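To start, the structure itself, in structure tokens.
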Amino acid sequence: MTVPPSPAPTPPPAALARRLGLPGAIVVGVGSMVGAGVFTSIGLAAAAAGTLVPLALLLAGATAWLNATSTAQLAAVHPTSGGAYVYGRRQLGPWAGFVAGWGFVTGKSASIAAMAYTLALYLVPVASGAGDGAARAVAIAAVVGVTAVNLAGITRTVQATVAILVPVLLVLAVVIVAGLAGVRAPGPGPDGGAVLPGAGPGPLGVLQGAGLLFFAFAGYARIATLGEEVRSPRRTIPRAVLGALAATLALYGLLTVSLLAVLGPDRLAGSPTAVRDAVVVLFGPPWAWIAVLGAALACLGSMLNLVAGISRTGLAMAREGDLPRPLARISARTSVPWVAQLAAAGVVVVLLLTTDVLTVVGLSSFGVLVYYAVANLAAATLAERVVPGPRWLNLAGAAACAVLAATLPPASVLAMLAVFAAGIAGRALVLARRRLRRR
């Protein structure tokens, strides 16, 4: 009797190239955070928290620091792509990993849509005075362009991020210094507009404002998703995460104080383009282009990194069978997960065609807060703690994420609960079909 030959072993999944050092990883983190959060979410948070918006910023920053500590602890032990999706699977089980990964993919897709909308809000009225249709077209064009850059490979992504980040920081520095120095242009400033809807000053307003501002702090997760592309990840990732967060928190704090001084709480709460309005007050309408340039570059820089981050989490989920397997395909030429990147871009375009900027900011914050809640719980179970920190800090981070997510605007909470229910139901159905096939 002829013994049939044994099947060839399944080749291991293709690996990503390790090309990033500490400076590049910090740039990626800062470039991911300094984006639409600076140019849009401060006004949203001011509508919720009023004059207490600096307290909301401090609460958002404290939550981000707790999350960053847990992320650094996990990334040092598990230096692989996928972030909290991988951490949750390895420390808490497959379902926890799926919830984290689903929160990241859906929340960050909303983040990219919000950044693209912010780009359009700043750019389109100045460039052409066109309406909503033109703004959506500009936002979609930005997503397409950013995806093309990411498909060129991680080295070019870091180089492009540096080119974008430096002038953005210069623009924000000018606004901060001039605002705190009391510089004002002659004549009336821009109209304040209607105050954006929010919870109003008080404990709930501060919590809601912190939840909205958290949208601007989540870029350090991008560093964790680069676990397979960073040199010496156990040492580099923790330092890069905490370094990027510290720099961004200091920048946001100074900018918030400056915007309150220049615009006042009422005008700030009525402005989805607060930095542009501040530039008009400081230097006059002819200089509004400075803010437009800064917003355009900041949003493009954040989108540049987040599209890559989503695709790498999608890559990790596809490797485990939680998303379609083709998403795990990596380009042999550029070492990027090209199918996952194209899929992520497609989801963002759908959001741009069906939602608005206020909606996607709330959706983003909820999804990312759930992601970090899982990360904190996973960090609390680590036996090996390369990055120092007591376990109660991890649990405090999980609790803070849950509170901020629950106090977001009700429409955002309900919509994301439906998204999570759909994702969980879809995974349960896939698992049930797999069990039937094995029988």
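Quick notes
- Difference of contour (0.36 nm per residue) and Cα-Cα distance, residue 163 to residue 55: 35.6 nm
- Treating r as the C-beta distance of residue 180 and residue 432 and R0 as 56 Å, the FRET efficiency rounds to 0.40.
- Taken along the Cα-to-beta-carbon direction at a fixed 7 Å, the label points for residue 354 and residue 144 span 2.1 nm.
- Under the convention that each Lys and Arg Cβ holds +1 and each Asp and Glu Cβ holds -1, the size of the dipole of the chain around its Cα centre is about 1860 debye.
- Theoretical gain in end-to-end length, residue 289 to residue 384 [0.36 nm per residue, Cα-Cα removed]: 29.1 nm
- Highest mobility in the GNM of the chain, judged by mean-square fluctuation with C-alpha springs under 10 Å and restricted to 75, 178, 240, is found for 178.
- Over the C-alpha atoms of the chain, the Rg to Rh ratio, Rh being the Kirkwood estimate, stands at 0.99.
- Note on residue 266 and residue 137: the extension gain reaches 43.3 nm, defined as 0.36 nm multiplied by sequence separation minus the Cα-Cα distance.
- For the chain, modelled as a GNM whose springs connect Cα atoms under 10 angstrom apart, the maximal fluctuation among 177, 86, 143 occurs at 177.
- The chain: angle of helix 357-380 to the longest principal axis, Cα-based, in degrees nearest 10: 50 degrees
- Pairwise inverse Cα distances across the range 376-423, averaged and inverted, put the Kirkwood hydrodynamic radius at 12.5 Å.
- Only protein atoms count toward the accessible area here, which uses a 1.4 Å probe; on the chain, the carbon and sulfur part of that area reaches 70 percent.
- Rg to Rh, two decimals, where the range 26-140 supplies the alpha carbon set and Rh follows Kirkwood: 1.06
- With coordinates expressed along the principal axes, the C-alpha atoms belonging to the range 237-280 extend over 39, 16, 16 Å, beginning with the largest.
- Ordering of 294-301, 247-254 by burial proxy (mean other Cβ atoms within 10 Å per residue, highest first): 294-301, 247-254
- The residue 95 and residue 402 beta-carbon pair, evaluated with R₀ = 22 Å, returns a calculated FRET efficiency of approximately 0.80.
- Candidates 288, 210, 60, ranked by Gaussian network fluctuation over the chain, Cα under 10 Å, top entry: 288
- Quotient of C-alpha Rg and 2.2 N^0.38 Å, computed over the range 254-360: 1.49
- From its DSSP helices (H runs of at least four residues, each -39,500 (n - 2.57)), the chain gives a residue-normalised ellipticity at 222 nm of -24500 deg cm²/dmol.
- Positive-end residue of 396, 323, 55, charge dipole of the chain with Cβ unit charges: 323
The values are calculated or read from the model by the stated rules, or taken from the named source; none is laboratory data. As the structure is a prediction and not an experimental result, all values here were calculated from the model. Backbone-built Cβ (ideal geometry, glycine too); neighbour counts: all protein chains shown. Keep in mind that these areas ignore ligands, DNA and RNA; they rest on the heavy atoms of the full protein, side chains included. Shrake-Rupley method; radii C 1.70, N 1.55, O 1.52, S 1.80 Å.
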